[in-house]
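What follows draws every value from the coordinates through simple rules; no lab data is involved. Just so we're clear, the structure is a prediction, and the values are computed from it rather than from any experiment. Neighbour counts are summed over all protein chains in view; Cβ atoms, including those assigned to glycine, are modelled from backbone coordinates with ideal geometry.
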Ligand code: GLV
Ligand code: MG
């Protein structure tokens, strides 16, 4: 895991000294103490209805980086209360193969939200990595969840601040307040774009989630994706793209995932097991790209350390501090995906 490798400097969005968790003067609404988090990949985040034991059991063995058990839109109102018990049982039993385990609760304005959090955390705190909070429209939503989690952790004797938060930005209000949302809690790990609700909120003329609305000449998602990414990175958070609903259209999914990865996103939701490989691949650097990134880091360390030079050339290309930062991001993603190196830096 990258966070444990002290030989390498932290990347910008890792939970580290560069994040709002530890940054002096950073705004922290909740009461949790500083808790550095190791970088965990979230290339593919699988949505699983929390009411379906069959889908949950199937999800255990799938090669996604994160699974989130949903209590929100994929669960009918009449099934929500019972789904909490199913989710608690599922988190607390069986083998999840090292995946990140999250639960999406209902949004803060619904009558279900507080019980979702209380029941799930009381029932499965030790087996839960993060809560996904949907339809976040301002920092108060996140502050509410942060404080409730702090109360629960304290009552349960669990380490304060261990359970993270992923905030979904999925309407006009949320996007307008995204900077304040990103700064709302040291528990935040990721901002997540929610294209379905976002399209509905803006009145986009499309019924296909994640696909471009017909008639628009540009990329309708460029602005929200970039806006969310900037807010996330300004606070050291991950940025995750939302779902692409046309399950059989792997080419469309690939276009969407590759585009988000190129922009800088860390991962994307998947709504079907058949989407996982495409998305994992899109968010994993190519082997030669990863190799080159590690080489740049080694060369840069040599030139700035041993030779005390700020800029140097590597294979005919100039490298400097900015190149190092770019290489850090690629190296982090490659290491998280367990890619192997084939080249080492040799001075001279
Ligand atoms: C996900 O929640 C979405 O609205 O796209
Ligand atoms: Mg949504």
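Overview of values
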{"read-out": "Acute angle (nearest 10 degrees) that the helix 139-156 long axis makes with the longest principal axis of the chain, alpha-carbon atoms", "value": "80 degrees"}
{"read-out": "Whole-angstrom gap from the stretch 294-317 to the stretch 152-225, using each part's C-alpha centre", "value": "38 Å"}
{"read-out": "Residue with peak Gaussian network fluctuation, the chain [Cα springs, cutoff 10 Å], from 65, 219, 116", "value": "219"}
{"read-out": "The stretch 287-336 shape via C-alpha gyration tensor axes, a/c threshold 1.5", "value": "prolate"}
{"read-out": "Three-way shape call for the stretch 263-348 based on the alpha-carbon gyration tensor, with the a/c threshold at 1.5", "value": "prolate"}
{"read-out": "Acute angle (nearest 10 degrees) that the helix 250-263 long axis makes with the longest principal axis of the chain, alpha-carbon atoms", "value": "60 degrees"}
{"read-out": "Normalised contact order of the stretch 260-317, rounded percent, pairs of Cα under 8 Å and 6 or more residues apart", "value": "20 percent"}
{"read-out": "Whether the stretch 59-168 is rounded, prolate or oblate, judged on the alpha carbon gyration tensor where a/c under 1.5 counts as rounded", "value": "rounded"}
{"read-out": "Fewest-first sequence of 114, 300, 223 by Cβ atoms within 10 Å of each Cβ", "value": "223, 114, 300"}
{"read-out": "Rounded tilt (10° steps) of 113-124 against the dominant C-alpha axis of the chain", "value": "70 degrees"}
{"read-out": "Highest to lowest packing among 120-129, 308-317, scored as the average C-beta count within 10 Å", "value": "120-129, 308-317"}
{"read-out": "Cα-Cα separations in the chain greater than 32 Å, expressed as whole percent", "value": "30 percent"}
{"read-out": "Normalised per residue, the volume of the convex hull around the Cα set of the stretch 222-286 (Å³)", "value": "79 Å³"}
{"read-out": "When the convex hull of its Cα atoms is projected in every direction, mean area for the stretch 91-232 (nm²)", "value": "9.5 nm²"}
